[in-house]
Amino acid sequence: MNLYRRIKRLLLIEKEFTAALGEYGILDINLQSDDYVKIIDTTLLNGYRHEAKDKYDPVFLNNTDQIKAEIGTSFGISFYFLVNNSHREVDIEVTLRILHPEMKNSLTRMSATSQTDTFIYTTPYYQYMHVTFEHEYELVKGQWTFQVWKTSELVIEKIFEII
């Protein structure tokens, strides 16, 4: 998409929007598959992040908010926005935030109680926000809160209990 069209779509954002939580719970995700690429990101606790190579629709295996703290478990939410109840494409700046008990990575000597990412989301398509437990230090039990923010407004929140 060219820059002019992207700016034009950003300027079309009306104040009347609807944000909705879709499915949530345990997901079927294999981060080692060819569908994902590992990107170095030294600002993160583990030093990298995974990104899907293409648009993807992960499968929710179980809609639950009780998640077992086990390596390989993936869990999260799906959500979408509509602007003026229209299914037309509009770009919205969205901030995703995950709040969780403190994690400490002894290799990077970093600790964190939250993860945040801001990006441009295109309505009306589903977006996915998820975590996959890959390391022992990530297996912290307690409340994990997934939040979706539009500007300074919290529009979606889902709480998981890690057991």
Margin query: If I ask for residues that are within 13 Å of the chain's Cα centre (by Cα) and among the charged types (D, E, K, R), which ones from region 139-163 would you list?
Written below: Glu157, Lys158
Next item on the list: Could you look through region 91-102, keep only residues that are buried (at least 18 other Cβ atoms within 10 Å of the Cβ) and aliphatic (A, V, I, L, M), and pick out the one that is nearest to Tyr137 (Cα to Cα)?
Entry: Ile98
Next item on the list: Go through Thr108, Thr123 for me and flag whichever is in contact (Cβ under 8 Å) with a residue 24 or more places away in the chain, out of contact with any strand residue (DSSP E or B) (no Cβ under 8 Å at 6 or more places or on another chain) and among the hydroxyl-bearing types (Ser, Thr, Tyr).
Entry: Thr108
Note to self: Please determine whether any residue of region 106-121 is surrounded by 15 or more Cβ atoms within 10 Å (Cβ to Cβ) and in contact with an Asp or Glu (Cβ under 6 Å, 6 or more places away or on another chain).
What the structure shows: no
Next item on the list: Just give me the residues in region 13-36 being of a type outside the set (Phe, Trp, Tyr), under 24 Å from Glu93 (Cβ atoms) and at pLDDT below 90, in sequence order.
Entry: Ile13, Glu14, Lys15, Glu16, Thr18
Notebook entry, point to check: Is there a residue being modelled with pLDDT of 90 or more, over 19 Å from Ala19 (Cβ atoms), hydroxyl-bearing (Ser, Thr, Tyr) and in contact with a strand residue (DSSP E or B) (Cβ under 9 Å, 6 or more places away or on another chain) anywhere in region 67-90?
Noted result: yes
Next item on the list: Among residues belonging to region 46-61 that are farther than 17 Å from Thr118 by Cα and either among the β-branched types (Val, Ile, Thr) or surrounded by 13 or more Cβ atoms within 10 Å (Cβ to Cβ) (or both), point out the one that is modelled with the lowest pLDDT.
Entry: Gly47
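The values are calculated or read from the model by the stated rules, or taken from the named source; none is laboratory data. Remember, it's a predicted structure, so these values are computed and weren't measured experimentally. Heads up, the Cβs are rebuilt from the backbone with ideal geometry, glycines too, and the neighbour counts pull from every protein chain shown.
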